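One structure is given here, and the rest of the page talks about it.
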Amino acid sequence: MWGIGMILLGCTLACAAAERPPIEWDQTAHAGGGFKAPLELSNGDILAVETERTQPQGQRIVCRKSADGGLTWHFYGEIVRDESPADMGDGHIIQLRNGDILYSYRHNVAWGPAENRSYRLEVAISKDGGRHWRHHSEVAESLGCEYGLWSTFLLEKRDGTLQCYYDDERTPADNGLPRHQWLTMKTWDPKSGQWTNPVTVSRAHNPEHLSRDGMPTVVEVAKNKLLCTLETVQVAPPHRGLLMSVTSEDGGKSWSWTKAERKLLYQPKDINYNALAAWTITLSDGRLLCVFTTDEDRTEPGVPATGVLSQDLKYMISRDKGRTWSKPALIDANYPCYFPGVCELLHAKQPGSVLVQYNGSLGHTAKMGRF
């Protein structure tokens with residue numbers, strides 16, 4: 001009997017260990033250098049980006065640096081400044097294989113009469129590790145209308161091709177579908193110095209269904225096979241938020257939504273609640289890590305696009321290139337949480353760690369997780 005008891009106890013402990021979330025997150029959060037994903041450099045320094053207000057009514061986007069694994073941050077460089085009223089930021093910082101650092105961002109004037117509005121997606125470049133910046137290019141613009149351009153994401157594929165993905169209200173409006181938002185991708189042409197060949201990455205397969213596809217992140221899970229995770233809305237009113245994904249088998253020339261509906265990534269069991277703002281990366285061991293926000297554990301659901309969202313921060317893991325995902329596990333319940341992003345710290349003193357940044361109870365907030 002003693003032996004059976006020990007066997008049962010061993011099974012219990014093994015099952016409990018198997019059910020433990022794969023990442024252990026620090027119990028306390030600390031101030032982050034910005035929001036969305038930070039960028040680790042080869043020397044272990046970490047860069048992050050945030051938007052600051054300037055007097056009397058302008059904004060600037062600044063680059064901050066951490067030399068201690070994201071615990072403390074200091075100003076490192078100014079990316080861009082606009083002293084007129086503008087809405088700037090909501091972008092993505094990456095380092096190319098040649099060492100250049102790019103930051104894509106929106107530069108919008110999104111108020112007043114429609115004919116006075118302007119929406120631009122721009123890219124800045126640093127050739128000295130994030131210290132000094134200059135204008136690189138303009139990805140897209142939408143002028144004199146109410147159809148905006150919003151969140152951006154940059155991807156350098158394995159073959160060196162550079163792509164920019166973005167939230168696009170203008171293209172569906174031009175195709176007779178105002179109020180819709182699709183995901184569009186353009187490819188950088190170094191010969192012409194232009195972003196070219198726009199492709200619709202994600203929209204509803206059924207054109208009668210409302211598409212509000214946005215906040216893309218893209219990973220190359222195999223040569224020329226891309227997985228894009230995104231937020232969108234339920235088909236039925238009140239159109240709560242959920243997470244979906246689309247794939248490309250040809251490096252981004254065509255996408256799976258054209259043949260079948262987008263694949264469900266995650267939605268709360270009670271579809272009156274929201275899941276939003278997915279950010280997905282490929283870890284060094286091949287697994288995928290997706291962080292996102294949800295109000296599924298709150299008393300009342302929030303309403304997307306109002307800015308009033310009492311959400312927690314959670315994550316999921318995929319071991320099969322995004323075909324299936326683990327159950328969500330909690331990172332931070334000290335809501336509200338929004339605009340998350342995550343990076344793996346490959347050059348940190350403690351390998352097997354990730355750093356997640358988000359807007360949280362401390363403003364720009366960060367947490368360390370370890371496998």
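The values are calculated or read from the model by the stated rules, or taken from the named source; none is laboratory data. Just so it is clear, the model here is predicted, and its values are computed rather than measured. Positions of Cβ are generated from backbone atoms using ideal geometry, with glycine treated the same way; all protein chains shown enter the neighbour counts.
For the stretch 156-185, give me each residue that is in a strand (DSSP E or B), of a type outside the set (S, T, Y) and surrounded by 21 or more Cβ atoms within 10 Å (Cβ to Cβ). Step through it out loud before you land on a result.
Our first condition is that a residue be in a strand (DSSP E or B); within the stretch 156-185, this holds for 156, 162-168, 181-185.
Of the ones still in play, those that are also of a type outside the set (S, T, Y) are 156, 162-164, 167-168, 181-183, 185.
Within the stretch 156-185, Q163, C164, D167, D168, Q181, W182, L183, M185 qualify.
Determine, yes or no, whether V235 is closer than 22 Å to Y166 by Cα and surrounded by fewer than 16 Cβ atoms within 10 Å (Cβ to Cβ). Let's see the steps before the verdict.
On the way: closer than 22 Å to Y166 by Cα: yes; surrounded by fewer than 16 Cβ atoms within 10 Å (Cβ to Cβ): yes.
So V235 fits the description; yes.
Would you check which residues across the stretch 186-207 are hydrophobic (A, V, I, L, M, F, W, C) and outside any strand (DSSP E or B) and list them?
In the first step, residues of the stretch 186-207 are kept if they are hydrophobic (A, V, I, L, M, F, W, C); the result is 188, 195, 199, 201, 204.
A204, the sole residue that qualifies.
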- Query: Can D90 be described as in a loop (DSSP other than H, G, I, E, B), among the charged types (D, E, K, R) and either closer than 20 Å to G363 by Cβ or at pLDDT 95 or above (or both)?
  - Reply: no
- Task: Name the one entry in W257, W279 that is over 18 Å from the mean Cα position of the chain (by Cα) and of a type in the set (F, W, Y).
- Result: W257
- Query: List pairs: first in the stretch 310-336 and acidic (D, E), second not in a strand (DSSP E or B), Cβ under 7 Å, 6+ apart or cross-chain?
  - Reply: D312/D297; D312/A333; D312/Y335; D312/C337; D332/A29
- Task: Could you run through the stretch 95-114 and say how many residues are in contact with a Gly (Cβ under 8 Å, 6 or more places away or on another chain) and at pLDDT below 95?
- Result: 2
- Does P190 satisfy being within 30 Å of L47 (Cα to Cα), at pLDDT 95 or above, surrounded by fewer than 19 Cβ atoms within 10 Å (Cβ to Cβ) and not β-branched (V, I, T)? yes
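Matching residues to (1) at pLDDT below 95; (2) closer than 27 Å to T184 by Cα; (3) of a type in the set (K, R):
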position: G251; (1), (2), (3): no, yes, no
position: W257; (1), (2), (3): no, yes, no
position: A275; (1), (2), (3): no, yes, no
position: W279; (1), (2), (3): no, yes, no
position: T299; (1), (2), (3): yes, no, no
position: L309; (1), (2), (3): yes, yes, no
position: M316; (1), (2), (3): no, yes, no
position: P328; (1), (2), (3): no, no, no
- Task: Sort out which residues of the stretch 101-153 are part of a strand (DSSP E or B) and hydroxyl-bearing (S, T, Y), and write them in order of number.
- Result: Y103, S104, Y105, S118, Y119, S126, S137, S142, S151, T152
